[in-house]
Structures are given as structure tokens and as C-alpha cells.
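Remarks on the structure that follows.
The values are calculated or read from the model by the stated rules, or taken from the named source; none is laboratory data. Being a predicted model, the structure only gives us computed values, none of them experimental. Every residue, glycine as well, gets a Cβ built from its backbone with ideal geometry; the counts of neighbours run over all protein chains shown.
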Amino acid sequence: MTTKDTISTTAVVGSGYMGGGIAQVLALHGYKVALGDVDGETAERARVRLVEQARDFEGSGLLPEGAAETIEGNLVAAASIEEAVEGADYIAEAVPEQPDLKASILRRVSGAAPCHAIIGTNTSAIPIGELASSVTGPERFLGVHWMNPAPFIPGVELIPGEETDPRVLERAEQLIQSLGKTPARVADTPGFVANRLQFALYKEAVQIVDDGVATPEQIDAVVANTFGFRLALFGPFAIGDMAGLDVYESAYHTLEKAYGERFAVPEALAATVREGNIGLKSGHGFLHVAPEHKAALLSHRDNAYARLAQLRTELGQAPGL
Ligand SMILES: NC(=O)c1ccc[n+]([C@@H]2O[C@H](COP(=O)([O-])OP(=O)(O)OC[C@H]3O[C@@H](n4cnc5c(N)ncnc54)[C@H](O)[C@@H]3O)[C@@H](O)[C@H]2O)c1
């Protein structure tokens, strides 16, 4: 396919919670954004809401001075989806997570968009390959998965489908970087990486409530103040390597006895431990941290945790929780 070297004009189809945030970020970074929704009035209401919200963000110092004016200058409401995507170089689809609805919207979007337009769906969990069958020109289609609230969460997953042109993936990556976000390429499977992990945790949390072990409030406090606190800075593999994979293996043995197969020691973890690679204390585990970086890493970790704890104290308790 022919892609344009530069993306300047964009459209966001579905201007709700996620689409609205994505539109604010695009507009803030100088891209023209046309909002498309069920009708022109809905899109216009979204435009007004997004500009007002941007003013609030700017007033609170969350966005730089002049941000709301820039956003307002770059954001327009379109009368229809077709009008929104006409002339767009990049289109973000963010309609509700219903496979049939997404399929019909993607059919309309790809039918009306210019041939060169890249189309990124914000689906939370539907495989890209499944949605691609509704897209005219599936080589220009991929998953571009933002997290909520889009203006403030740094990471965006990029999910190419089997048919996605590698140049489309590259362009999407450049676009995300130009927005000051951190892209992560992941393979096309249901839930991708972020939601597969997030939903596994959520399911176990609900099970703990059902088991009568702790209330939702108690679980949230435990997570936010213990291992979830670490997750603001490191992923599970860095944390595991710092803790020691021998410790993890022993814990899985205990958990498996109590809860069965779903807590069996993962084979790759057992193999790593068998080879004597139990994390930072042995040299490496799943990650390869060069020996000369080990002390600096631990010191960075301690500093980061202490600073994060201070920040949380400054921020105080979240209202209502
Ligand atoms: N809410 C989250 O935390 C979150 C996070 C990441 C990804 N997502 C994904 O983003 C997508 C949107 O979720 P959301 O939470 O922003 O939903 P939302 O309900 O806030 O927004 C959906 C928007 O789509 C519009 N819409 C509905 N039907 C339409 C149609 N036929 N034509 C055009 N527009 C239509 C709605 O009017 C609304 O503006 C979903 O795929 C969701 O899974 C959501």
C-alpha cells in the first residue's frame, strides 16, 4: 500500500471516554482531528466537553499553558463518520467493545477513508485478525490500544494483524512517539498483553472476595500498598528477578497444593531455576542485567520506591476511596 510520509490530518470515530482522550492528545500535538460519532450533535457535544476538560487540565497544571487553545484550534466535530474520515491520514476507532458494532463501523470507516489512511482500533481484547475481515484494505489496519485516561497513561500497545503492512506498523509507532507516548509492539492474541494480565489479576481478586478472605476495599489496599506499588515502576519479570525466582518457585508449590493446577510452577520458571538462574542474586533470571549494573539498579529501585512513597503522601488519599 502507499502510506503518506507524514500524518497531519486524523479522525477519531467514537468520541466517548477513550476516543475523547485520544483526540485531545492528537490535537495537543498539532494534528487536525475530526470527531465522528452516532451523529453530528453527539460529536459536537464531545468537542465542547473535550475543550472544557482541556481548560480544566490546563488550569490544574496537568497540561502546559496554551494547551486548551491548541486543542480547540485542532478539533472539529463532523456530521457523520464518513465526513470525519474523509481526507484523514490516520483514524482511531474507539466505539464500544461490541464485535458486531466494531465490524460495521470499520466497514464504514474503511469504505469512506482515503486508501492511504491508517486505521487503528482501540479494542481492549478483540483479536485484530478477527476485526480485519471487516476492513477494506486490511494491510493498513492494526490495533493501537491506549489505556485510560489516555492523556496521562504513557504506554500504548501496537498490535499488527497477520495482514498489517510492516510500514503501517512503523508509521503508527512514529505517530505514537510523536505524541510523547511509549509504544509497545505485541502479537495479536485476545486481550494482547495489558488486558490479559489485568483481567487475570481482576479475576483472582473477585475469587478472593468470593472465598471470604478479604473485602474489595481490603484487597485494593493490599494491592495499592504492596506489589501494585512496585508495578508503577517495574514489570513482573524485573520484580521477580529482584525477589529471587527460587522464592517464586517455592511459593507456587504451596499455592498449587491449595488452589490446584492454575497455580502450578510455570515450566519455564522451573527450568530457569534448575539452571541456577534465580535472578539478580545469581547473576540473572528471565532478564539479563549485566553484573556492573546490579548495584545501580537496586539503588535506583530503592530511590524510586522512596520517592513514590513521598509522592503518594503528598497526593493524599483518593477522594471517596
Ligand atoms: N474505558 C476504558 O477504560 C478503555 C480502555 C482501553 C480501551 N477501551 C476500548 O475503547 C473503546 C471505547 O470505549 P469507551 O470506554 O471510550 O466507550 P464509550 O462508551 O465512552 O465511548 C464510545 C463512543 O462511541 C460512540 N458510538 C456508539 N455507537 C456508535 C456508532 N454506531 N457510530 C459511531 N459512534 C458510536 C458513543 O456515542 C461514544 O461516544 C472500546 O473498544 C473499549 O474496549 C476502553
Checklist line | Which listed residue, of A94, A125, is near the ligand (Cβ under 9 Å from one of its atoms) and modelled with pLDDT under 95 | finding: A125
Next item on the list: Within region 136-174, track down each residue that is of a type in the set (A, V, I, L, M), under 25 Å from A54 (Cα atoms) and either within 13 Å of the ligand (Cβ to nearest atom) or in contact with a Phe, Trp or Tyr (Cβ under 6 Å, 6 or more places away or on another chain) (or both).
Entry: V144, M147, A150, I153, V156
Margin query: I need the full set of residues from region 210-228 which are part of a helix (DSSP H, G or I) and either within 16 Å of the ligand (Cβ to nearest atom) or under 26 Å from R312 (Cα atoms) (or both), in order please.
Written below: P216, E217, Q218, I219, D220, A221, V222, V223, A224, N225, F227, G228
Note to self: modelled with pLDDT under 95, in a helix (DSSP H, G or I), assigned by TED's automatic domain parsing to the domain that holds Q310 and of a type in the set (D, E, K, R): is that true of K257 in this structure?
What the structure shows: no
Margin query: One residue is enough: does region 61-68 have a residue meeting the conditions surrounded by 14 or more Cβ atoms within 10 Å (Cβ to Cβ) and within 11 Å of the ligand (Cβ to nearest atom)?
Written below: no
Checklist line | Near pairs, Cβ below 7 angstrom, 6+ apart or cross-chain, from region 291-313 (within 11 Å of L233 (Cβ to Cβ)) to any residue that is assigned to a helix (DSSP H, G or I) and among the aliphatic types (A, V, I, L, M) | finding: R301/M242
Item checked: All positions within region 78-97 that are surrounded by fewer than 22 Cβ atoms within 10 Å (Cβ to Cβ) and closer than 18 Å to G129 by Cβ -> E97
Check: Does region 297-317 contain at least one residue that is surrounded by 15 or more Cβ atoms within 10 Å (Cβ to Cβ), over 26 Å from the mean Cα position of the chain (by Cα) and hydrophobic (A, V, I, L, M, F, W, C)?
Finding: no
Next item on the list: Sort out which residues of region 98-116 are part of a helix (DSSP H, G or I), loosely packed, with under 15 Cβ neighbours inside 10 Å and more than 11 Å from the ligand (Cβ to nearest atom), and write them in order of number.
Entry: R107, G111
Item checked: Residue check, L131 in a helix (DSSP H, G or I), buried (at least 17 other Cβ atoms within 10 Å of the Cβ) and within 16 Å of the ligand (Cβ to nearest atom) -> yes
Next item on the list: Hey, can you tell me all the residues within region 27-43 that are away from the ligand (no atom under 12 Å from the Cβ), under 13 Å from V12 (Cα atoms) and either in contact with a Pro (Cβ under 9 Å, 6 or more places away or on another chain) or not in a loop (DSSP other than H, G, I, E, B) (or both)?
Entry: A27, K32, V33, A34
Check: Do we find that A79 is in contact with a strand residue (DSSP E or B) (Cβ under 7 Å, 6 or more places away or on another chain), under 18 Å from G14 (Cα atoms), assigned by TED's automatic domain parsing to the domain that holds G143 and not polar (S, T, N, Q) in this structure?
Finding: no
